[in-house]
Each structure stands twice: as structure tokens, then as C-alpha cells.
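For reference, the structure discussed in these notes is given below.
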Amino acid sequence: MDALSGGAAGNGGLWGWKRPPLNGKSSDSSKRSSKPSDSAEAAGRTGYQFPLKQALTAGSLALAGDTIAQVRERWRRRKQLHRGAVPESDSTEAEILFSEHDWLRSLRMTSYGFLFYGPGSYLWYQYLDRSMPKQTIQNIMLKVLLNQIVLGPCVIAVVFAWNNLWQGKLSQLPDKYQKDALSTLLFGFRFWIPVSAINFWVIPLQARVAFMSLGSIFWNFCLSTTMSK
């Protein structure tokens, strides 16, 4: 679930913010010159800036995952309907598959990634990195754990609610949670726990964005498939 922002947590140059020192300590001069009032004034001048790069990345990956899910679903249906028939040419098959694409469904998933997942997970990883700047085994394990028990349920809750809102089925949201939320979350545990551990522990900082982006395409595919049930 940290598909997109896992890389943002460690790639300051790309996303426009600086990672805290790994030793978790500031220089003596910084401590002497930095005052709470100065920090508050700086925050007031800067204000909140929407993380556009993270939002665009998340939206694009959500669109890619949904497109893969839709094409796979249509291909399986056509294979079952035309079992034993003469196969069509590759170009004709591709045209048929994409001509039936549900663009409204794709827009739902893309807008979720752009408005919620990208910005929200980016802020979450900023918080984790500020709170646990040291690259120790304990911090890595704690980050992975917090990802699953805090970010994971939030992602499931928001994407289910957003999908039902678009479909005008908010009254059915409790049933959707009861039917699919736990199974989706548990499946996410099996996938994202090892992926997050590898990301925090093995992957170099400059490669984390690409690594987590690859994982997020698969996860967005799973989410989109669940949403279409």
C-alpha cells in the first residue's frame, strides 16, 4: 500500500524534500540557531503545498493497474465465450478488448490515486522518515508494521468509499466492507510486508521510487479487480 510513496520516503532530490540525517541528530549550530518560533514562522510562510508529482504518479499507476485488470477480465470472458472458435488476428483482438473499456471505472481509480493515495501516502512517509530517521533493523521493522496496521486499513476504507460514492451505492458500503475489506487487507499483508521490507532494507534510496512503483501496479490491479465485484 505504500506503492508510490515508499520511494518518496528516501529520495529527497526527486520529490523536493530532504531526508533527515541518518544519525537522527542535528548539528550544534543548527540547534542553537533554530527556535520554535522560527520554525512556526517558516511553516506559516511556506504553508501546505499539494504534492503534485506524487499525485500524478499515483494516478497514472492506478490507471495502469485498472487497465490491466479490465483487459484481463474481458480477455477471460471472450476466451470462455469463444472456446473452440477460430482465433481472430492479434490486431482485431486488441481493438475489441479496448473498444469495450470502461473509462468511468478507470476515472474512479485514477482520481482515487491522484486525490487520496498519492498525497496521503506521501505525507505518511514523510512522517515515518522524520520520526525514525536512523536506518536500523528496529526502525525498518517498525515502519513495515505501521504501514500494515495504519496505512493499510486507511487505504482500503478510502478506496471502497470512493468507489461506492461514484456508483451511488453509499448505502451498500457497510456490506462492501463486511464482504471484501478483511480479505483484501489480509491479501495486502502477504504482498506488501515482504515488498516493504525489501524496499526499506535492501533497495538503494535512489531506486526506491521505481521499485515501489512496480509493486503498486500489481496492487492497483488487485484493488480494481476487487472494486468491480
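The values are calculated or read from the model by the stated rules, or taken from the named source; none is laboratory data. In this text the structure is predicted, and so the values were computed from the model without any measurement. Just so you know, the surface numbers come from the protein's heavy atoms only, side chains and all, with ligands and any DNA or RNA stripped out. Shrake-Rupley method; radii C 1.70, N 1.55, O 1.52, S 1.80 Å.
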Considering every pair of different Cα atoms, what Kirkwood radius, in Å, is found for region 137-227? 14.2
Can you pull the percent of region 118-172's accessible area that's carbon plus sulfur, 1.4 Å probe, other chains left in place? 67
In Å², and per residue, what accessible area does region 52-227 have when probed at 1.4 Å with the other protein chains present? 53
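Any chance you could list the semi-axes, whole Å, largest first, of the equivalent ellipsoid that the Cα gyration tensor gives for region 52-227, using √(5λ)?
Over the Cα atoms of region 52-227, the ellipsoid semi-axes are 33, 20, 15 Å.
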